[in-house]
1. Select from region 109-123 the residues that are surrounded by fewer than 16 Cβ atoms within 10 Å (Cβ to Cβ) and closer than 16 Å to ASP84 by Cα and write down the one among them that is farthest from the chain's Cα centre (by Cα).
2. Filter region 230-276 for residues that are within 24 Å of ILE298 (Cα to Cα), surrounded by fewer than 13 Cβ atoms within 10 Å (Cβ to Cβ) and at pLDDT below 85 and give the result.
3. Within region 381-390, is even one residue small (Gly, Ala, Ser), assigned to a helix (DSSP H, G or I) and touching a residue at least 60 places away in the same chain (Cβ under 8 Å)?
4. Being buried (at least 20 other Cβ atoms within 10 Å of the Cβ) and either modelled with pLDDT of 85 or more or at negative phi (or both) is the requirement here; does TYR309 meet it?
5. Condition first: modelled with pLDDT under 80 and either within 30 Å of SER129 (Cα to Cα) or touching a helix residue (DSSP H, G or I) at 6+ places or on another chain (Cβ under 7 Å) (or both). Can you find one or more residues in region 66-79 that meet it?
6. Which of (1) under 24 Å from TYR345 (Cα atoms); (2) over 34 Å from the mean Cα position of the chain (by Cα); (3) basic (Lys, Arg) does ARG312 not meet, given it meets every other one?
Amino acid sequence: MKGIEIKRIGNNYYAYKSTTVWDKDKKKRRKVSRYLGKYVDGKIVKVREIASIRGVYELGNVSLLWHIIEKSGIKSMLQKTFPDEWEEIVLLAFNRVLNPQPLKSVKLWYEKTYLAKLISPALSPKSLSSYLREIGSDAAPQREFFRRLIGKDEKIVYDTTSIFTYSKNINLAELGYNKEHLLLPQINILLAFSKKRKLPCYIRVVPGSIMDAKTLRVFVEEINDKRAFIVLDKGFLSQDNFDVLSKYDINFIIPLRRNSRAIDYSKHLRKVFVFRGRAIKCTRYSYENFYVYLFEDILLRAEEENEFYNIREKGVKLTFNRKVSGKIALLSNVKANPEEIYLLYKSRDEIEKVFHVFKNVLQADRPYLRDDDSIRGHVFVSFVALYIYYHVLNKLLKLNLSNKLSVKDVLLELSKVYAIELNDRIIVSEIPKKAQQLANLFNLDIELFPKKVRS
């Protein structure tokens, strides 16, 4: 039969109509198959599928996230470190990435996705809350998980953010100053981000009053890797913090304030490199037991000077210091190429974006943040969701598509592909053209996914 393809699946044969279409992205023709029915005794027997449908599930978006957790090793790591809770962690992490819901609504969401055919987690809000407290109450599995996750010779950006709560049952909530210098009951979240892999690699919850290098000591002890290179913010500038950093031999970079006595603005900046189209002059010199890296962004200097004259033109009296204009100084205990130090410092921009995404992910759990253990459990699950999210984002960045497509766009488009469960098998709905193009970008074979995960 011309254009008809017969496939054997298990002990049965099925007929498909095969045609070819032009793939603009790959610039070649590719085959497209449409299911016709069962092939019995040389004839195509059309199935009355409407009468035999047992369920319809969102498939494309779930298959992408499942593909990510398997290929990245996250699934096997969770199975080893959380053998009794890994399915609940995957359930909530997928939900946080795809369609964040409070715990009371997670069951309804789960039942309409293909995740219902892959795992069998606890689904009641009470059971999920109990699992999350168990995850949060035992720090050992989390430490082991992060040790497995962090690679060798990492360059790590380390930063903190805060969430605010007035719950009386949360001992972690202590008075601390936010960025507006307001004293509020808060919980600090410390997040480490791998510069090398552009992925979050560690998270920890600490009391709201703690914001110093002592937390770094715990971090270094937990990851057990003194080669980690940590980028800090100006909030860590103090002699006490430097003492802790030195005592535990932590490699660090920290920006200096422009009026710091460690900065010698008379130094000649001999070397030049280009960062994102901007010429950056630089030099390095020793200061006490550290190294100071001095940079001058030529465009930034011109912008600051231009802004000064614009403001002065309006009658505002101020002074302009040309010797500090456009300059950034960084302090480190490591002797390295200034360009490498600058790139590590600028990677802090990444972690600011990470925190923005993380807070959005955590938002769905706020009604259930009732005690310390539940907070730790919810934060860990949100971290797993963040890790999956960044795998998708990094692919878009690698393909220069992040300006055209968001992670949400990708997942919404793939959600248009459904798995249809019949009495004797599962078939995949017609795949829209754009969804197929995205599946190709992520090396995802949606049509064969149900069969692969069931085999």
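1. Let us first name the residues in region 109-123 that are surrounded by fewer than 16 Cβ atoms within 10 Å (Cβ to Cβ), namely 111-112, 119-120.
The next check asks that each one be closer than 16 Å to ASP84 by Cα; those that pass are 119-120.
On the way: ILE119: 23, SER120: 25 Å.
The residue in question is SER120.
2. Once the filter is applied, which keeps residues that are within 24 Å of ILE298 (Cα to Cα), surrounded by fewer than 13 Cβ atoms within 10 Å (Cβ to Cβ) and at pLDDT below 85, region 230-276 yields LYS234, ARG276.
3. Going through region 381-390, the residues small (Gly, Ala, Ser) turn out to be 382, 385.
So of that shortlist, the ones also assigned to a helix (DSSP H, G or I) come out as 382, 385.
After this cut, where a residue has to be touching a residue at least 60 places away in the same chain (Cβ under 8 Å) as well, the list is 382, 385.
Yes, that holds for at least one residue.
4. Numbers: buried (at least 20 other Cβ atoms within 10 Å of the Cβ): no; either modelled with pLDDT of 85 or more or at negative phi (or both): yes.
No; evaluated as a whole, the condition is false for this residue.
5. Here is the first cut: in region 66-79, the ones modelled with pLDDT under 80 are none.
No, because not a single residue in region 66-79 is modelled with pLDDT under 80 and either within 30 Å of SER129 (Cα to Cα) or touching a helix residue (DSSP H, G or I) at 6+ places or on another chain (Cβ under 7 Å) (or both).
6. For ARG312, the failing item is (1).
Yes/no per residue for (1) at pLDDT below 90; (2) of a type in the set (Gly, Ala, Ser); (3) surrounded by fewer than 21 Cβ atoms within 10 Å (Cβ to Cβ); (4) closer than 21 Å to ILE250 by Cβ:
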site: ARG143; (1), (2), (3), (4): yes, no, yes, yes
site: ARG147; (1), (2), (3), (4): yes, no, yes, yes
site: ILE150; (1), (2), (3), (4): yes, no, yes, yes
site: ASP153; (1), (2), (3), (4): yes, no, yes, yes
site: TYR158; (1), (2), (3), (4): yes, no, no, yes
site: SER162; (1), (2), (3), (4): yes, yes, yes, no
site: ILE170; (1), (2), (3), (4): yes, no, yes, no
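The values are calculated or read from the model by the stated rules, or taken from the named source; none is laboratory data. The structure presented is a predicted model; accordingly, all values stated were derived computationally and were not measured. Ideal geometry is used to build each Cβ from the backbone, glycine not excepted, and the neighbour counts take in all protein chains shown.
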